[in-house]
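A short worksheet on the structure shown next.
The values are calculated or read from the model by the stated rules, or taken from the named source; none is laboratory data. Computed from a predicted model, the values in this text were never measured in an experiment. Glycine gets a Cβ as well: all are built from the backbone with ideal geometry, and neighbour counts include every protein chain shown. Ligands, DNA and RNA are excluded from the accessible area calculation, which covers all protein heavy atoms including side chains. Shrake-Rupley method; radii C 1.70, N 1.55, O 1.52, S 1.80 Å.
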Amino acid sequence: MRQKKVVEAKGRSELPRAEQSAPRAGGSAFAVFPGSWTSNLRGDLTGGVIAAVLTIPMSIGFGLLAFAPFGERFLSIGILTGLYGAIFLGVVALLLGARTVTIYAPRSLIAFMIGSIAMQGFAKPPAGPLGQLEPYYLAGALLATLSLAGLIQMIFGAVRLGGLVRFIPSPVMAGFQNAAALLILYSQLHIMLGLPSGLPLWALYAALPHVKLLNLALGAATVAVIWIGARVSRYLPPALLGLLFGTLAYYLLVAAGLEAKLGPTLGPISGGSPDGYYFGAMLAFAVHRAAIDMLPTLLLFAFSLAVVASLDTLICSRIVEGITGQRTAANRVLRLIGGANLITPLLGGICGGISVGPSTAGYKAGARTSLVLLVHSVVIFAVVAALAPQLAKLPLVVVGAVLVVTGVQLVDRWSLQLVRKVFSRDRADWHSTALDLTVILAVAGTAIAGDIAIAVLIGVGVAVVLFVLRMSRSIVRREQYGDEVRSRRARAAAESALLDAHGRSIVLLELEGPVFFGSAESLAERVDAALASGVRYVVLDFRRVNDLDSTGARILLQTHERLKAQGAHLLLASADAAPHVEVALHGMGVVAAVGAVFADADHALEWAENQLVGKLRPAEAAGGEYPFEQLGLLARFTAKEREQFRALLQRREYAAGEILFREGAAGDELYIVVSGSASAKLTVAAGGQEKRVREQRLVSFAAGTPFGEMALLDREARSATVRADERLVCYVLERSAYERLERDMPGIAIKLLTNLGAELSARLRQSNRTLS
């Protein structure tokens, strides 16, 4: 019968290490017999048997859960479809290229979804035109819906939606989990009480006189054995241990003459190996007159099941990945499980996903290659073919106890933590807690109320709304003004003082995340607020921006126009950090309109500082050499001392782009810039796989500033390369002249060293301020 892999946890199927070194035959379909199967034969056989033993009781229970809405006449069909699912899911995945130890089988959450679809689509007279038809048609209709859901999962993987499915918020998935847990528990209530059929809550009180207490006690005892099974036996899985205990206790009580106080067994199960019966049922449904009328509903149900099953599979995939260390891409996982879920219902089994429990047990037992999937399926097939009549003798209450434990374990633990936070005195982040609980209750309530498709739509809608809300938060990672952060341009004391006093006219906004219709508007408001406070230069750093849509680009254009109208400037930095962002900025005309586009925020700040200084000191900005007597390096020099010092200097001129000295070269000269500017740069690795290098600017020296003092004082090699940015004029103090200064004019030498110390101290303070 259909092997349904008990996919109970979250984990991504992974590539076994043993198979990573072996040829994968291209991972193509029907490459079923990799040579690596012989590398770990004993471990895979043992792991497959243990995984199968763990899967069988849960697959029986999940099959019953999926077909429970149709009533007792479907018990036999439910058992077979659950077991067939456990058999064929793994085999089909193997044929499609699965190469991991991940076990594929029926899942509790997916079985709940199938049961909900059965109830809403077929069992309820208003919703199910087939409700009064024989089981043959109903089984065919449900299995056809499951096969369609598998096709949709394959499409999700083919169009690479695996990453997007993971963005469904945790509260949405928690809502489905909790709804499934509660409904699984409720669906087993009448079985545990020994009542003939399910009852609405308001009818339970009237049915109390008919409750079979002995049956309830047996069910409770079985639940207890399963719950503590891991501590009772190291060799038998808890579910199997509980099944054996409950069955033995049941027949001992029957032998004692207490059969009347107990519930029934599963009843006759026809068939053993699949024979195409259910495929015929699907064809019979397809030609039934009700099929066309139900097609839109079935498509909606199939899509809902595909969304929840895909998310469940990807979560389980992560868990198994962490245990086994075998990695498989999310979209490949969806294609594999989608293909298995497409074909398995055609063979008579319910669909499923990744079964964490059996996957973990098989791996710990020694499984390391995909051979474990085949062993797992063969063992379950052998049990079904040989023992189908014996399965009919299983007590219904014992199988119900397995599902009760499954339901309790399915309750989302994070939801319980949120509830505890609500009733505790901890009110930190209560807005987020209240929102999460509201979403959980809305999704769970809708699913429990009986409309699983609406619950899925609510979940997807909530995901979209929360995504937009969270992405619409401010994308400004950091906001800094010109009196807090400076460019790497070293300036004379007078210019530095001006920037300290008027630096609030410059603001640097470091952006992070997507600039789109939601976040761009908040950015525009932030810029408007800065403009109102007196800012005249707005630098937008795009280094961490990962996306830009047309709406975001239009808002940037509108912001530029508003700034321009008020005499302010918008500067763009690192616009080429992300290629698609650069393309959008050019394509939407933002770069052409703004004009002021810089390689990084440092150069943008430098431009803004130059413009600000030029407005505040127009005479100096007009050009000409820096007045020698105003050099900061000559502070406290007398006129005579300045003349004596000037006599020791050489005047040198350099063309734009000319190198003054290179990193690592010998040198012992001090340079004083009096016209133009020069930049010190380091050669650094560019990153990436290619071994490339690039130049990183350390600092630029403006007129009035010195550089090269380190080599003059310590006689070490040059620490950076210095190149003229434009036509450059410097006064140069050579080592021999400095030694003469020390020997013949010690007073001037002391003042020079004092001023050099003050210059270095100012640079260190500026660096500290920038870093802080």
For the charge dipole of the chain, defined by +1 on Lys and Arg C-beta atoms and -1 on Asp and Glu C-beta atoms about the Cα centroid, which residue among ILE269, ALA330, ALA578 has the Cα displaced farthest towards the positive pole?
ILE269
Taking the alpha-carbon centroid of each part, what is the distance from region 564-600 to region 273-337 in angstrom?
47 Å
Can you give the extra length, in nm with one decimal, that the chain gains between TYR277 and ALA635 once fully stretched, where that is 0.36 nm per residue apart less the Cα-Cα distance?
118.8 nm
Roughly how big is region 293-381's charge dipole about its Cα centre, with Cβ charges of +1 (Lys, Arg) and -1 (Asp, Glu), in debye to the nearest 20?
400 debye
With Cβ to Cβ distances under 15 Å as the rule, what net charge do the other residues near ALA599 carry (K, R +1; D, E -1)?
-2
Neighbour net charge for GLY589 - beta-carbon separation under 14 angstrom, K R +1, D E -1
-1
Working with all protein chains in place, sort ARG651, ARG715 by solvent-accessible area computed with a 1.4 Å probe, largest first.
ARG715, ARG651
Which of rounded, prolate or oblate describes region 703-772 when judged by the alpha-carbon gyration tensor and an a/c cut-off of 1.5?
oblate
How much length, in nm to one decimal, is gained on full extension between THR38 and ARG477, taken as 0.36 nm per residue of separation minus their Cα-Cα distance?
152.6 nm
Can you order the peptides 173-186, 576-589 by their average number of other Cβ atoms within 10 Å per residue, highest first?
173-186, 576-589
Based on Cβ point charges of +1 for Lys and Arg and -1 for Asp and Glu, what charge dipole magnitude is obtained for the chain about its Cα centre, in debye rounded to the nearest 20?
1620 debye
Sequence ranges 140-147, 538-545, 592-599, ranked by mean other-Cβ count within 10 angstrom, highest first
140-147, 538-545, 592-599
Which one, ALA141, TYR251, PHE628, is farthest towards the positive end of the dipole of the chain when Lys and Arg carry +1 and Asp and Glu -1 on their Cβ?
TYR251
Helical contribution to [θ] at 222 nm, DSSP H n ≥ 4, -39,500 (n - 2.57), averaged over the chain, rounded to 500
-18500 deg cm²/dmol
Rounded, prolate or oblate, given the Cα gyration tensor of region 197-296, with a/c below 1.5 counting as rounded?
prolate
Candidates (i) 49, 37, 20; (ii) 76, 28, 24; (iii) 46, 30, 26; which is the computed semi-axes √(5λ) of the Cα gyration tensor in Å?
(ii)
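What FRET efficiency comes out for ARG543 versus ALA762 if R0 is 30 angstrom and r is the Cβ-Cβ distance? Round to the nearest 0.05.
Plugging the Cβ-Cβ distance into 1/(1 + (r/R0)^6) gives 0.60.
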Ignoring ligands, DNA and RNA, what percent of the 1.4 Å accessible area of region 185-258 is carbon and sulfur?
75 percent
Apply the a/c threshold of 1.5 to the C-alpha gyration tensor of region 468-614 and tell me whether it is rounded, prolate or oblate.
prolate
Multiply the residue gap between TRP414 and LEU435 by 0.36 nm, knock off their C-alpha separation, and tell me the result in nm, one decimal place.
6.2 nm
Quick check: the distance between the Cα centres of region 709-726 and region 383-426, to the nearest angstrom?
74 Å
Where does each of 204-213, 719-728, 99-108 land if you order them by average Cβ count within 10 Å, highest first?
99-108, 719-728, 204-213
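Give the accessible surface of the chain per residue, rounded to a whole number of Å², with probe radius 1.4 Å and ligands, DNA and RNA excluded.
It amounts to 44 Å² per residue over the chain.
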What number comes out for the charge environment of ALA158, summing +1 per Lys or Arg and -1 per Asp or Glu over other residues with Cβ under 11 Å away?
+3
Where the only charges are on Cβ atoms (+1 Lys, Arg; -1 Asp, Glu), what is the dipole of region 471-619 about its Cα centre, to the nearest 20 debye?
360 debye
Virtual spin-label span in nm between ALA221 and ALA158, 7 Å along Cα→Cβ
5.4 nm
Amide H to amide H, which residues 5 or more places from LEU660 or on other chains are under 5 Å from it, using H placed in the peptide plane?
VAL722, ARG723, ALA724
